[in-house]
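Quick note: the coordinates plus some simple rules give every number you see, no bench work behind them. Quick caveat: nothing in here was measured; it's all calculated off a predicted structure. A quick note on method: Cβ atoms are made from the backbone with ideal geometry, for glycine too, and the neighbour counts reach across all protein chains shown.
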Amino acid sequence: MSSISGLVAVLLTVLQWAGRGLPSPVRPICDPRVLDRFIMEARDTETALRGCKAGCGVTGTFVVPLTNVDFVVLETKDTEEQALEVQSGLFLFGQALGAVRESVSRAAVKSLIDNNKSNIHSLGQVLRSLHIKDLSLSPVPAVGDSATRKVSSLSELLRVHTNFLRGKVRLLLTNAPACQQNST
Amino acid sequence: MTNDNLNKLLVFCVLFCAQKTSIVHGAQALETKVALLLHAEPENPKCFAEGMSDLTCFWEEDEERTGSADQYSFIYTYQNENSSECSITALPAAGGKRLYFCRLSQTQLFVPLDIRVFRDDLLIHNRSLFIELVFLLDPPANLTLTSTGTQGQLKASWLPPSLKYMGDSMMYEVSYAMAGSHIGKVEEVQASSELILRGLQSGTKYKVRIRVKLDGISYSGYWSAWTDPVLMETMPGDLDPLIVSLSLIISLVLTLLSLLVLMSHRRFLLKKIWPIIPTPESKFQVFIYIFCEWLGHSTGGLWLRPAYFYSEEFPAPLEVLSEVSLGPALPSSALPPKASEALGEEDEDEKLKRVDSALEGWRETPQEHWPMDQLRAIHQHPAPWTQSSLLESHDAYVTLNAQNHSGEELLDDILEETLPLQVLFASGRTSSESRSDLGSFQQSSGLGRLSSQSSFEYPNHTWPPKGPGYTYMAVADSGVSMDYSPMSSSKIDDIGKGVIYTNEYKNEIPAHRRPIGTPIPFAF
C-alpha cells in the first residue's frame with residue numbers, strides 16, 4: 001500500500017508539472033538574415049506598387065510611425081524605449097495594411113499586402129524570442145502623436161514601412177541583450 | 001621654468017605635427033573620395049557619409065562659372081521637419097575648376113533628405129536621398145597575408161571599418177594576382193574579416209588588395225578605394241601526384257616500346273655487339289698435325305696435345321724426364337712457337353734453345369705408361385747417377401725451374417699447394433743449393449723465371465752429382481688424364497726415412513702467396 005501510494009504521488013507530480021504547460025525556452029532569433037528577408041520583401045512590394053495607377057484604388061489616410069534614426073540620440077535610449085517604439089510602429093503598420101487590403105480589389109496587390117502583414121506578425125515572434133514583449137496586437141497608449149505622422153497614399157505607406165524595418169527594427173534586433181549574450 | 005617651457009613647446013610641436021599628418025592624410029583621403037564620386041555618382045550634389053552621423057556633399061563648377069562660396073547656398077530638409085542651411089567651402093580643382101563642399105556633422109538616417117543648392121538665388125541642384133544609402137567608407141586597415149600551411153593557399157585578414165551597428169552589413173571584395181601580372185581574380189566575402197585564397201600556384205608571389213562596401217539591405221553606398229597591395233609568396237609545392245604518376249606511366253610505356261624494338265632486332269644487335277670471334281682451332285690442328293708428323297710422333301704426347309697449347313691457364317713448369325731407351329737424336333730444329341710459349345717465361349735464350357734441342361730428342365713409344373715402368377725399374381736397380389743410362393750423352397734431361405727475383409724470399413712467396421705442377425727433387429744439398437736446379441719449384445705468381453738445365457751443359461758427363469737418391473714425381477699422360485706419382489730414386493726401403501711432400505696438381509695461377517715449405521730433405 002505504501003509503495004502504491006508513493007508511486008501515485010510521483011505520477012501526479014509528473015503530470016502536474018507537465019500540465020503547467022511550461023513552454024520550452026524559445027531560442028533567440030538573432031540572425032540578421034531573418035529581418036533582411038522581411039526588408040527585401042517590403043522593398044519589393046514598394047517597388048511593385050509604386051507605379052500602381054490611382055494608388056491601386058486605395059484612398060484615405062494612414063497613421064504611421066516616424067522612421068528617422070539619430071545615432072547620437074539613439075545612444076541615449078535604452079532597449080525598452082527602443083522596443084516600445086518598434087512595437088507601436090509595428091502595430092500601426094499592421095492596422096494600415098489591414099485597411100489597405102480591404103480597399104484593394106486586385107488579387108496580386110492583395111497577395112503582396114498579405115505577405116507584408118504576415119512578416120509583421122513574424123517580427124512579433126522574433127521580438128518575443130528576444131524576451132521583448134509583443135505589443136503589436138494591442139494599442140500602445142504610451143506613444144504620442146509626436147512619434148507618428150499621417151500618409152495618404154499606398155506608395156508612401158509602403159516606403160515608410162520599408163524604412164521603419166531597415167532602421168529602428170533592425171537596430172533593436174542588433175542591440176537586443178539576448179543577441180549580445182549569444183555573440184560574446 | 002625653462003624646462004617647462006621647453007616641454008610645452010615640444011608637446012605643441014608633436015601635436016601640431018600629428019595634426020598636420022592627419023590633416024594631410026585626411027586631405028589625401030578626401031581627394032581620393034572626391035575622385036571616386038566624380039566618376040561613380042551622376043547626380044549633383046554628390047554626397048557621401050563616412051561615419052554614423054556625418055554627411056559630405058560637393059559639386060564642381062567650371063572655370064567660367066566659378067565664383068566665391070558666398071554666391072552659393074546649400075539648403076537641406078528632413079521629412080516632416082524644417083529646412084536648414086549648410087555652410088559652403090570652396091577648394092581649387094584640376095583644370096581650373098572649383099569644388100564646393102558642404103559638411104553636416106549630425107544626420108538622421110532612414111528618412112528622406114531633400115537638398116537644394118542655389119547660386120545667387122538660382123536653384124542649380126536639387127536632390128532627395130537617404131543618408132544610409134550613400135556610405136563611402138575608408139579602405140580596410142591592416143591587410144595581412146599569412147600562410148595556411150597548405151600548398152596553394154594564402155590567408156588574407158584585415159581590420160573592418162569601426163562602424164557601430166554595421167558590422168554584419170559590410171561586404172568586402174578581395175583582389176589577388178601574381179606579382180607582375182595584371183590579370184587577377186576577385187572574391188567577395190560578407191560580414192567577415194578574413195578570407196582564404198585557394199587555387200594559387202605554389203612558390204609564387206601574389207599581391208592582394210581589398211575594398212569594402214555596405215551590402216545594400218539596410219545600408220548601402222559606394223565601393224571604397226583599394227588598399228595598398230600586399231605581397232607574399234606561397235609555399236613551394238611538392239610533386240603533384242598526378243604528374244608523378246603520369247610520368248611513371250609514360251616512362252614505362254617508352255621502356256616497353258624500346259624493349260620490343262630490341263627484341264625484334266636482337267639478332268642484328270647481337271651480331272654487332274658480340275661478333276663471333278673465329279677460333280683458329282681448326283687451323284691450329286692442322287699445324288699440330290703437321291708438327292707431329294714432322295717430329296714423327298703421334299698426337300697423344302703430353303707436349304703435343306693441342307689443348308696444352310691452347311689452354312688459358314698459366315703454363316705450368318714441367319720437368320721432363322727422358323725415356324730410358326731413346327733413339328738417335330733428331331736433328332735440331334726450332335720448336336714451333338706454340339711449344340716455346342708453353343714453357344713459360346724465360347730469361348735465358350740459350351736455355352730455351354737447349355730446351356728446344358732437348359725436345360727434339362724426345363721419343364715416345366706407343367705405350368703410354370712405359371716411363372712409369374721404366375722408372376720403377378730404375379728404382380729397383382739404382383745405378384750411379386753419373387753412370388745412369390739416363391745420362392747418356394745423347395739423352396736430354398730438361399729441368400725447368402721457376403726462380404723468383406729475390407733470393408731469400410723464394411720460399412716465402414710461393415704457395416706450396418698452389419703450384420701448378422710440382423716436382424720435388426731433393427738431394428743432399430741444402431735448399432738454397434737446390435733452388436738452382438732441381439729443387440722445388442719456386443714460382444711467383446705470374447712472374448716466374450724459368451731456368452733450365454739440360455744434360456747438354458755437361459757434355460762430359462759431369463752432371464752434377466745429385467746424390468744417390470732423389471724424389472720426383474712422374475707424370476704420365478694417358479691422353480685423358482694425367483697421372484702423377486711421387487717416385488724416389490732410392491730403394492723402396494729408403495723411402496720411409498724421408499718425408500715426401502706431395503702437392504696436388506693444380507693447373508691454376510696461384511691467387512695469393514703463402515709461405516712455402518722447404519724442399520724435401522731426403523736423407524740417404
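Summarising the label geometry, the points placed 7 Å from Cα in the beta-carbon direction at A:Val8 and B:Val24 lie 9.3 nm from one another. Using 25 Å as the Cα-Cα cut-off, could you pick out the over-long pairs in B:Lys185/B:Lys213; B:Lys155/B:Lys205; B:Lys155/B:Lys185; B:Lys46/B:Lys207; B:Lys46/B:Lys213? Violating the 25 Å limit, Cα to Cα: B:Lys46/B:Lys207. Applied to region B:82-98, the Karplus parametrisation 6.51 cos²θ - 1.76 cosθ + 1.60 on θ = phi - 60° returns per-residue 3J(HN,Hα) values of 7, 6, 9, 10, 10, 6, 10, 10, 10, 9, x, 10, 5, x, x, 7, 9 Hz, with x for Gly and Pro. Under the simplified labelling scheme, the A:Asn115-B:Trp294 pair shows an inter-label distance of 12.5 nm, with each label point 7 Å from Cα along Cα→Cβ. Residues in region B:117-131 carry Karplus couplings, in order, of 10, 10, 10, 6, 6, 10, 6, 10, 9, 9, 8, 10, 8, 9, 4 Hz; the curve used is 6.51 cos²θ - 1.76 cosθ + 1.60 with θ = phi - 60°, and Gly or Pro positions show x. With only the Cα atoms considered, region A:29-182 has a convex hull volume of 102 Å³ per residue. Amide H contacts of B:Met166 (H built 1.01 Å from N, in plane; Pro and chain starts excluded): no residue 5 or more places away or on another chain comes under 5 Å. Distances between placed amide hydrogens fall under 5 Å for B:Tyr206 paired with B:Ala179, B:Met232, B:Glu233, B:Thr234, all partners being 5 or more residues away or on another chain. Please list, by residue number, everything in region A:78-117 whose backbone N is under 18 Å from a paramagnetic label point 7 Å out along Cα→Cβ of A:His131. What the label zone holds, given the 18 Å backbone N cut-off, is A:78-84.
Backbone geometry of region A:84-96 corresponds, through the Karplus equation with coefficients 6.51, -1.76 and 1.60 at θ = phi - 60°, to 3J(HN,Hα) couplings of 5, 4, 5, 5, 5, x, 5, 5, 4, 5, x, 5, 5 Hz, x marking Gly and Pro.
Modelled this way, with points 7 Å down the Cα-to-C-beta line, the labels at B:Lys205 and B:Trp226 are 1.7 nm from one another. By its C-alpha gyration tensor, with a ≥ b ≥ c as the square roots of the eigenvalues, how is region B:26-82 shaped: rounded for a/c under 1.5, else prolate for a/b larger than b/c, else oblate? Here region B:26-82 falls in the oblate category. Amide H contacts of B:Ile124: B:Val117, B:Phe118, B:Arg119, each under 5 Å away and 5 or more positions distant or on a separate chain (H built 1.01 Å from N in the peptide plane; Pro and chain starts excluded).
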